[in-house]
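Structure, as structure tokens:
A short reminder: the numbers here are calculations on the coordinates, not readings from a lab. As the structure is a prediction and not an experimental result, all values here were calculated from the model. Glycine also receives a Cβ, built like all others from the backbone with ideal geometry; neighbour counts cover every protein chain displayed.
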Amino acid sequence: MTARIHYLQHVPFEGIGYIETWARENNYRLTATRFYQDDTLPEISTVDWVVVLGGPMGVYDENKYPWLAKEKQWLKGAIDSGKIVIGICLGAQLIAEILGGKVLSNGRKEIGWFPVWLTEAGKKTEILKDIPPSFMAFHWHQDTFQLPGDAIHLMRSEVCPNQAFLYKERVLALQFHLEVTEETIHQLIDHCKDELIGDNYIQTAEEIIDQKHLIPQCNGHLKRILDSLAKI
């Protein structure tokens, strides 16, 4: 039976990027709930993997985005059902909150290409066994999360201590974007360029685009992680 990946998309300019390539290459079936189009959520039993994407809203913005409450409830069901769940940026924050970790402002935005480091626990985690101890990742966030109970702290950056965690071997939260492509970079810049203000951890649009040669490395790291999750 063909495995089924369902992704949750919050805004049109933050798509699944390289994950679509990986899914096609591995004959996974892709479906989506696009909340900005008022799509409905599927029955949890009809999906095997869930990918929760990013967005400019916060996990606490339920009054402005009422579908957030339904999304959280559905995600909790997916996690409790033992699905493989991957959260990216906002998606990682949603997972953290669902599992009991507080989501709050990081104090400083982190936008552009900055290094992340594996923690000692991360270096011993099976899904990261082929990932280097430090690498450049693409970031675009201000909020961060506290680690939920029983979560394994996987990665950190200089300005954001909690960059990734793993929960019960099947739930992965990534604050940064390994799924990045040239298209997703340009879309983020086009829609969120007002955030590109001067700061040590906010790069200019030109600096971001000039480092697009880092995209294949990010995708390669994500491929190794997805390949490992697929073996569970």
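Across ALA78, ALA121, ALA151, mean-square fluctuation computed from a Gaussian network of the chain (C-alpha pairs under 10 Å connected) peaks at ALA121.
A protection proxy built from the mean count of other Cβ atoms within 10 Å ranks the segments 155-168, 14-27, 36-49, 85-98, most packed first, as 85-98, 155-168, 14-27, 36-49. Rounded, prolate or oblate, given the Cα gyration tensor of segment 70-171, with a/c below 1.5 counting as rounded? Cα axes put segment 70-171 in the oblate bin. At an R0 of 22 angstrom, the distance between the Cβ atoms of GLU195 and GLU158 translates into a FRET efficiency of 0.70. I need the shape label for segment 4-230. Rule: rounded when a/c is under 1.5, else prolate if a/b > b/c, else oblate, with a, b, c from the alpha carbon gyration tensor. Rounded is the answer for segment 4-230, as its axis ratio a/c remains below 1.5. Only Lys, Arg, Asp and Glu carry charge here, each on its Cβ (+1 for the first two, -1 for the last two); on that basis segment 147-198 has a dipole of about 320 debye about its Cα centre. Which residue, GLY82, TRP22, ILE95, has the largest displacement toward the positive end of the dipole of the chain when charges sit on each Cβ (Lys, Arg +1; Asp, Glu -1)? The one lying farthest along the dipole's positive direction is GLY82.
The charge dipole of the chain, taken about its Cα centre with unit charges on the Cβ of Lys, Arg, Asp and Glu (plus for the first two, minus for the last two), comes to roughly 760 debye. Among the listed pairs LYS70/LYS102; LYS76/LYS109; LYS70/LYS129, those whose Cα-Cα separation exceeds 25 Å are LYS76/LYS109; LYS70/LYS129. According to the calculation over all Cα-Cα pairs in segment 140-232, the P(r) per 5 Å bin from zero is 2, 11, 19, 21, 21, 14, 9, 3, 0 %.
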